[in-house]
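Quick notes on the structure that follows.
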Amino acid sequence: MVQNKTSLPAFLQGNEEMARLIREKDWAATALGPIESWPKSLLTALGIMVKSKFPMYLFWGPELVGFYNDGYRPSLGNNGKHPSILGMPGQEAWQEIWHIVKPLIDKVLAEETATWHEDELVPIYRNGQLEDVYWTFSYSPVYNEQGKPYGVFVTVTETTQKVLSQKKLAITEETLKNLFHKTPVGMVVYKGPDFILELVNNVALEIWGKQEAELIGRPNFEVAPETKQLIEPLLTKVFTSGKPVTTNEFEVTYQKGGTTVTGYFDFVFKPIEEAGTITGVMSVFTDVTRSVLTRKAIEQNEKFSTSLLESNPDCLKVLNSEGIITYINKNGLAVTEIDRIEDAMGKYWWDLWGENEKEKIKAAFYKGLHGEHVHLEEFRITAKGSHKWWHISVSPIVNIDGAINQVIAVSRDITAAKKIQEDAQKLAQYLKLATESAEVGTWTLHMHNMDLEWSDLHKTMWGYPPDSDILTYEDWHKIILPGDNEKAQQKVKEALENRSLYEAVYRIKRYNDGEIRWMKSFGQYYYDDKGQPLILTGVSIDITKERLAEEKLIASETELRTLANSMPQLVWTTEPDGKVIFYNDRVSLYSGAAQQADGSWAWEAVVHPEESEESALRWKNALQTGEDFVREHRLKMKNGDYRWMLTICYANRDKDGAIAKWYGSSTDIHELKMHEKRKDEFIKMASHELKTPITSIKGYLQILQQKLQEEQDVVYQQILGTLDRQVSKLTKLISDLLDVTRIESGGMVIISDSFVLNDLIKESITDLRTVSKNHQLVFNEADRVEIVADKERITQVLMNLITNAIKYSPQKSAVTVSLEKINNEAVIAVKDTGIGIDKAEQKRIFENFYRVSGKDEQTYPGFGIGLYIVSEIITRHGGKIEVESEKNKGSIFRVRLPLEQQNK
Ligand code: ADP
């Protein structure tokens, strides 16, 4: 039902939206009933509310029916409670927050006091969703006519926006605070003229080594008075001027944890302005101590090395990989007489040199760049015209990673040293010349006109008359033999190019008589200030005599060589250590394979495998002892065949007795050897064939002897006796020959037994006494010796030695056999006082078929095989045989047999 407008209270007749809505609502249908029936207290409250611009809400009556005004309306948003909750009971209208609102209402009604809530979150349903809404609101009681609290008046402002922006602010502050403390730079805020510490971030605290609590609120220079003198003026400046101040690597000494430390800091001081006035200073700083210290150390190092380089008296240059000078020391400029550093720096090194040296310098540089160390000596006229000799060393500069992209060149002025050296050389040369020959001609060649000034002697030497007018260069070289001439002139040129001494040897056809003479000239150039050659002056001598002698020597050497090559033997000479230095052509015929790359001849390599070990051993021994090397062995021919050779090497000693050379030769004895072999084979066969008939002859002889004895035929008995002795001799000879063939073929066998040597010797002596009645045979037994040996063979040895002693003692003197034990050896000595043996022969008597050849010896029968067999038997017993003898005085043959027998 629409109310008559005029019957309504005035406040409901206005244009306010809510006035209109209250006015138009059909209240009769609600618990409150029509507006006319509303109590005055409600109307009064509504009147205040509707007319107020301030957001308000009213809960009224037991059902807490709700009213609100235009101010409140926006809080309800769109598509929400508005306008439906007007006149709705509270519980229904505010369902979602009734649990918050109801207790407040109850409290206000019961206690009759107002409540105050600020920025409280009370989410409401609006704009189609439940929204977080912040409110500041007050609940206050509204009284009815009876003075009882009958409603609750809510004045409310939505503060959502304010709260949210405050929150945002809080977040920003937090971030800033974090930033402040966590940025890796020190930050400090000072307040007021006393620079009270207001904020100090963690980095600053760490640098200072202090806690926040001991700083904040205190004047900076009370906390760190030691920094006052340095820092305060800066802060004051910023504070008073309002202008920022920046300092870099500012050195500050301060106390940190009880010690004094020095640090370097980059500071930025900025004024803090509030409302147009400066209230403080902000300091932002970075600790750069480490980098400053590192840099200082490097600077120090650099200073050190530069001062080293600078103080060096030589010219030091560092060149980059292109050869450009990137550093040159001060002294370097001075010694090279370069005034301005720009004339060297940035230039190619070789461009500082003259045309002649450029290439050499360049080459040296590139060698250095490739890791080589190069030294050279060069001549150079400096920019100021000084003549200087330089010793230049070029070395690579190797980086830590091994790469080379720089080179250091050190040039040392050696002009003075060079001059001394050259003068000395010159002097030495002249001195030598003077001593070598009195015939020294002197000469001077003038470079500007090539006039040659000769001493009279020089002219004579050349065959020119001594009084002839000035001679020219042409007169000198025109009589030099072709070939020598070009060389000699070339030497003149070279000496100029290399700035070295001139020296030439050449032949001239003497001007007057056409005789060929050998000449030797020395000379030296002299230069003017500009380095231009003025003169070449020197001396000449006639060296024909020496030259001829030399040629003779060469000729005789050639002769010798020809001789050596014409010999059928291989001949060679070796160094003291055995290295072959010369060998004749025949060597290549025999053993091309053993010729070495260095030209020597390793003869050891071509010895037949069966003899090579022994030969090498004996050669080694010869080299060590200097004894002669004599050896028969087979050497390999070029075609691979082996031939028997007799190799003999003798040491040639110098005057101090040291071995200077070995002379060796190898003679082909192959045919001989083959003959020998055939002979051996024949002997072997012949002795075998002879043995059988002889044995039977001997047998028949014995029968005949028996028979004649019985018949007592004295004459025939004697004849048979002689016959028997001859047959015995023949038997011995045959068995000796058989032994020899056995030895040669390695077939001699030793059958060992234990026996007493004394007894064996006694037996042998007794046997021989019967044969040789003319000699006195004595036995001296010093020891009783028991031995393990081949009894028969030892008997053979004794018989041989004693027989020889008797045989070679024509004086019928005594032969003494002695036996003793020395150092676990049985030593048997057979001594005679006969004809003796020459020293030179002593070594060879043990050789097969060797007999001493002299007129004395010729009278004694024999084949020269007895001692050969003896020595073989002794060797096979592991023993030794020696001879001690003197011509015409007698001999002692000494046999040593080891008692711990090792049969061979
Ligand atoms: P031969 O049958 O010639 O005696 P040997 O081999 O027994 O042969 O001796 C070799 C040579 O040694 C002899 O020819 C002799 O010249 C010399 N000879 C050996 N024994 C003696 C000795 N006791 N006195 C002197 N010369 C000796």
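Readers should treat all values here as calculations from the given coordinates under stated rules, not as data from a laboratory. Note that this is a predicted model, so its numbers are computed, not measured. All Cβ positions, even for glycine, are placed from backbone atoms using ideal geometry, and neighbour counts span all protein chains on display.
Going toward the positive end of the dipole of the chain, with +1 on Lys and Arg Cβ and -1 on Asp and Glu Cβ, which of MET49, THR294, GLN13 do you reach last?
Checked the options; the winner is THR294.
Would you work out the charge dipole size for the chain about its Cα centre, treating the Cβ of every Lys and Arg as +1 and the Cβ of every Asp and Glu as -1, and quote it to the nearest 20 debye?
1400
So what's the net charge close to ILE97: Lys and Arg +1, Asp and Glu -1, counting the other residues with Cβ under 13 Å from its Cβ?
-2
What does DSSP give for the chain in terms of the percent of beta bridges that are antiparallel, rounded to the nearest 5?
Given both bridge residues lie in the chain, the antiparallel proportion sits at roughly 95 percent.
Please label the shape of the range 458-581 as rounded, prolate or oblate, based on the square roots a ≥ b ≥ c of the eigenvalues of the alpha-carbon gyration tensor (a/c under 1.5 means rounded; beyond that, a/b larger than b/c means prolate, else oblate).
Judged from the Cα gyration tensor, the range 458-581 comes out oblate (a/c at least 1.5, b/c at or above a/b).
Go through 271-282, 300-311 and give me the packing order, highest mean Cβ count within 10 Å leading.
Taking the mean over residues of other Cβ atoms within 10 Å, the ranking is 271-282, 300-311.
Provide the FRET efficiency to the nearest 0.05 for the LYS698-THR770 pair, computing r from the beta carbons and using R0 = 22 Å.
After rounding to 0.05, the efficiency reads 0.80.
In whole Hz and in residue order, list the ³J(HN,Hα) couplings for the range 810-823 that follow from phi through the Karplus curve 6.51 cos²θ - 1.76 cosθ + 1.60, θ = phi - 60°; x for Gly and Pro.
Per residue, the Karplus-derived 3J(HN,Hα) values read x, 6, 6, 7, 7, 10, 10, 10, 10, 9, 8, 10, 10, 6 Hz.
Using a simple spin-label model with points 7 Å from Cα along the Cα→Cβ vector, what separation in nm is obtained for ILE97 and HIS675?
15.0
Among VAL715, SER813, SER386, which residue has its Cα positioned farthest towards the positive end of the charge dipole of the chain, with +1 placed on the Cβ of Lys and Arg, -1 on the Cβ of Asp and Glu, and the dipole taken about the Cα centre?
VAL715
Could you tell me which residue out of PHE304, VAL261, ILE734 lies farthest along the dipole of the chain toward its positive end? Charges go on the beta carbon: Lys and Arg +1, Asp and Glu -1, centred on the Cα centre.
Of the options given, the answer is ILE734.
What is the set of long-range amide H partners of ASP70 at a cut-off below 5 Å, with H atoms built 1.01 Å from backbone N?
Under 5 Å from the amide H of ASP70 lie the amide H atoms of MET18, each far enough along the sequence or on another chain.
Using amide H atoms built 1.01 Å from N in the peptide plane, name the residues 5+ places from ILE272, or on other chains, whose amide H lies under 5 Å from its own.
THR279, GLY280, VAL281, MET282
Go through 193-204, 793-804, 70-81, 645-656 and give me the packing order, highest mean Cβ count within 10 Å leading.
Descending packing order for the listed peptides: 793-804, 193-204, 70-81, 645-656.
Pairs LYS347/LYS384; LYS167/LYS210; LYS636/LYS843; LYS855/LYS889; LYS487/LYS545: which exceed 24 Å Cα-Cα?
Those over the limit are LYS167/LYS210; LYS636/LYS843.
Taking the Cα centre of the range 695-822 as origin, work out the dipole magnitude from +1 charges on Lys and Arg Cβ and -1 charges on Asp and Glu Cβ, in debye rounded to 20.
In total the dipole reaches around 400 debye.
Please work out the Cα center distance from the range 372-390 to the range 823-860, rounded to the nearest Å.
Cα centroid to Cα centroid, the span is 81 Å.
Can you tell me the order of 523-534, 454-465 when each peptide is scored by its average per-residue count of other Cβ atoms within 10 angstrom, highest first?
The packing order, highest mean first, is 454-465, 523-534.
About its Cα centre, what dipole magnitude does the range 832-904 give when the only charges are +1 on Lys and Arg Cβ and -1 on Asp and Glu Cβ, stated in debye to the nearest 20?
Value, rounded to 20: 140 debye.
Report, in cubic angstrom per residue, the convex hull volume of the C-alpha atoms of the range 596-673.
105
Cross-link partners among aspartates and glutamates for LYS773, C-alpha distance below 17 Å, same-chain residues fewer than 8 apart left out?
Straight-line reach from LYS773, under 17 Å: GLU763, ASP832.
Could you compute how fast the chain diffuses translationally, taking Rh as the Kirkwood radius over C-alpha pairs and applying Stokes-Einstein at 10 °C with viscosity 1.306 mPa s? Give it in µm² per second.
Estimated via Stokes-Einstein, D reaches 34 µm²/s.
Apply the Debye scattering formula to the range 751-835, with a single equal point scatterer on each alpha-carbon and no solvent, then give log10 I(q)/I(0) at q = 0.12, 0.19 Å⁻¹.
-0.34, -0.81
Counting Lys and Arg as +1 and Asp and Glu as -1, what is the net charge of the other residues whose Cβ lies under 12 Å from the Cβ of ILE278?
+2
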